[in-house]
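Trainee: Below: one structure in structure tokens.
The values are calculated or read from the model by the stated rules, or taken from the named source; none is laboratory data. A quick note: this is a predicted structure, and the numbers were derived from the prediction, not measured. So basically every Cβ, Gly included, is an ideal-geometry build from the backbone, and we count neighbours across all protein chains shown.
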Amino acid sequence: MPKEKTSIDYVMEKASGPHFSGLRSPTATATSTAFSDANAPRQPFVIGVSGGTASGKTTVCDMIIQQLHDHRVVLVNQDSFYRGLTTEELKRVHEYNFDHPDAFDTEQLLDCIEKLKDGQSVQVPIYDFKRHQRSSNSFRQVNASDVIILEGILVFHDQCVRNLMNMKIFVDTDADVRLARRIRRDTVERGRDVSSVLEQYAKFVKPAFDGFVLPSKKYADVIIPRGGENHVAIDLIVQHLRTKLGQHDLCKIYPNAYVIQSTFKIRGMHTLIRDQEISKHDFVFYSDRLIRLVPSVLYIVHKTCFVSVKSSVYTGVDFCKKLCGVSIVRSGESMENALRACCKGIKIGKILIHRDGDNGKHLIYEKLPKDISERHVLLLDPVLATGNSANHAIELLIQKGVPESHIIFLNLISAPEGIHCVCKRFPSLKIVTSEIDVALNGEFRVIPGMVEFGDRYFGTDD
């Protein structure tokens, strides 16, 4: 007699499937393919790294690249975009200021980064520091990547270049240390003597740092003292980048969409509730566990507060006191108990919307707290498919005086079409989900989805 499968058996067998939070399935249906054409292209994450000469910018970039080994990362140096010197300038090269913004071909640099952001490959010029000329017949091929790091002393100087960056890092190193490093670099790598290096530093490098580089420090999002020696700062930056890179593409398009960070525990529970062979008891049990995780993001409606601890003060957070749940009947009612467990005594209203295929927008019943206009509303529905019913419920709440920014839509799974539909129409509303699925099928069902959630939860399925 075969052994009866346990819940753990199901997780071990099915958790290796293609679907995962924030990832697209490799096998796309005609519906998902048609929809993906309307999606905005995946945008790479652009990091600008600036700082004084020999401050350790390249070291910082190398350390970030090494730690982001599971992502495609490319490095673009501003030095590659030096303008080639004319014959007259070469005759007086010792008087040429290589640290002035005019020494760079900023337009070409801007064009290069814009093309990389659009997913195009580019040819980056190669500059010869001994001849002060670009190579005429060789380039460095740079392909589109997940992360683009733009490094140089003046990458923050031009506003158009700055606007292309998602993160700006300034490497701050003591001036004496930078001078010692520059002497060693220019004499060894660029064939110069110490006297010319010192003369150039005093005449051009330091004045340019004071006039152009140091003022651009104010644009930095992160300042790293001591450069590559500051492992703590670099680790924090890499951790932040990994979080950003792990976001679903739709969360990058719509900052008001939140996906709970996936873990093997969450993925395992999703595997169980999506399995049609699971018992009703287990479906309800694991659905309830997942649902309890969704309201945990109530940090969205918190404020800073201070409490006394004997003779000192603790800085903490205080969640909004006026919360209200509103379930879209009937699937949304499955989320009420979990919400009550997280928020004791919370008021809960109900909205019933008749759905006839994908065009059902007819309101049947609503019962809401009288003071709902004064509350933050947690709208409850476990599945966001087309978004039509959700939009109708949101419109009703707004008509009742609830500010759009005070509505948080909580669900377990969302279809990309539904997120597009709701987020475009209500950009101030927030959506919180635990997974974004592949697409909708021809019957406007989420795929892979979990069949009809309400029937499975309340035991009225076949």
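Trainee: Given the structure, is Arg274 of a type outside the set (A, V, I, L, M) and assigned by TED's automatic domain parsing to the domain that holds Val432? Break it down into steps so the answer makes sense when it comes.
Mentor: Working: of a type outside the set (A, V, I, L, M): yes; assigned by TED's automatic domain parsing to the domain that holds Val432: yes.
It is true that Arg274 is of a type outside the set (A, V, I, L, M) and assigned by TED's automatic domain parsing to the domain that holds Val432.
Trainee: For residues in region 91-138 being in contact with a strand residue (DSSP E or B) (Cβ under 9 Å, 6 or more places away or on another chain), of a type in the set (D, E, K, R) and touching a residue at least 24 places away in the same chain (Cβ under 8 Å), which is nearest to Ser196 (Cα to Cα)?
Mentor: Ranking the candidates gives Arg134 first.
Trainee: Please find, among Glu435, Glu443, the residue that is of a type in the set (D, E, K, R), at pLDDT below 90 and either outside the structural domain of Val329 (by TED's automatic domain parsing) or touching a Ser or Thr at 6+ places or on another chain (Cβ under 6 Å) (or both).
Mentor: Glu435
Trainee: So for region 96-110 (the condition being loosely packed, with under 12 Cβ neighbours inside 10 Å, of a type in the set (Asp, Glu) and in the same structural domain as Phe209 (by TED's automatic domain parsing)), does at least one residue qualify?
Mentor: The answer is yes, given that some residue of region 96-110 is loosely packed, with under 12 Cβ neighbours inside 10 Å, of a type in the set (Asp, Glu) and in the same structural domain as Phe209 (by TED's automatic domain parsing).
Trainee: Any idea which residue in region 57-104 is nearest to Ile153 (Cα to Cα), counting only those that are assigned to a helix (DSSP H, G or I) and among the polar types (S, T, N, Q)?
Mentor: Selected residue: Gln78.
Trainee: Related question: What number of residues within region 184-221 are of a type in the set (Ser, Thr, Tyr) and crowded, with 17+ Cβ neighbours inside 10 Å?
Mentor: 2
Trainee: Tell me which of these Val284 doesn't satisfy, since it passes every other one: (1) aliphatic (A, V, I, L, M); (2) in a strand (DSSP E or B); (3) at pLDDT 85 or above.
Mentor: Unmet for Val284, out of (1) aliphatic (A, V, I, L, M); (2) in a strand (DSSP E or B); (3) at pLDDT 85 or above: (2).
Trainee: Can you tell me which of Lys217, Lys244 is in a helix (DSSP H, G or I), closer than 30 Å to Val93 by Cα and of a type in the set (D, E, K, R)? Give the derivation first.
Mentor: Numbers: Lys244 fails: closer than 30 Å to Val93 by Cα.
Answer to the selection: Lys217.
Trainee: Condition test on Arg192, is it assigned by TED's automatic domain parsing to the domain that holds Ile64, more than 17 Å from Thr433 (Cα to Cα) and part of a helix (DSSP H, G or I)?
Mentor: Judged against the criteria, Arg192 is not a match.
Trainee: Contact list please: Cβ distance under 6 Å, first residue in region 331-344 and under 15 Å from Gly454 (Cβ atoms) and acidic (Asp, Glu), second residue crowded, with 17+ Cβ neighbours inside 10 Å and modelled with pLDDT of 90 or more, pairs at least six apart or on different chains.
Mentor: Glu333/Ser327; Glu336/Ser327; Glu336/Ile348
Trainee: Only strands (runs of 3 or more DSSP E) wholly contained in region 345-462 count here; list those with 2 or more residues that are free of Cβ contacts under 8 Å to residues at least 60 places away in the same chain.
Mentor: 347-354, 362-367, 376-380, 407-410
Trainee: If you don't mind, another one. Report whether or not Gln200 is assigned to a helix (DSSP H, G or I) and assigned by TED's automatic domain parsing to the domain that holds Met63.
Mentor: In short, yes.
Trainee: Out of the residues in region 311-339 that are assigned to a loop (DSSP other than H, G, I, E, B) and modelled with pLDDT under 70, which is surrounded by the fewest Cβ atoms within 10 Å (Cβ to Cβ)?
Mentor: Going through the qualifying residues, I end up with Ser311.
Trainee: Here is a further query. Does Ile153 satisfy the condition of being of a type in the set (Val, Ile, Thr), in contact (Cβ under 8 Å) with a residue 24 or more places away in the chain and assigned to a strand (DSSP E or B)?
Mentor: Criteria not met by Ile153.
Trainee: Continuing with this model, one more query. Of the conditions (1) touching a strand residue (DSSP E or B) at 6+ places or on another chain (Cβ under 9 Å); (2) surrounded by fewer than 18 Cβ atoms within 10 Å (Cβ to Cβ), Val446 fails just one. Which one is it?
Mentor: (2)
Trainee: Exactly one of (1) under 17 Å from Val383 (Cα atoms); (2) modelled with pLDDT of 85 or more is unmet by His354. Its number?
Mentor: Result: His354 passes all but (2).
Trainee: Restricting to region 422-436, count the residues that are crowded, with 23+ Cβ neighbours inside 10 Å and over 20 Å from Arg292 (Cα atoms).
Mentor: 2
Trainee: Considering only residues of region 256-278 that are within 27 Å of His420 (Cα to Cα) and of a type in the set (S, T, N, Q), which is modelled with the highest pLDDT?
Mentor: Across region 256-278, the extreme among qualifying residues is Thr271.
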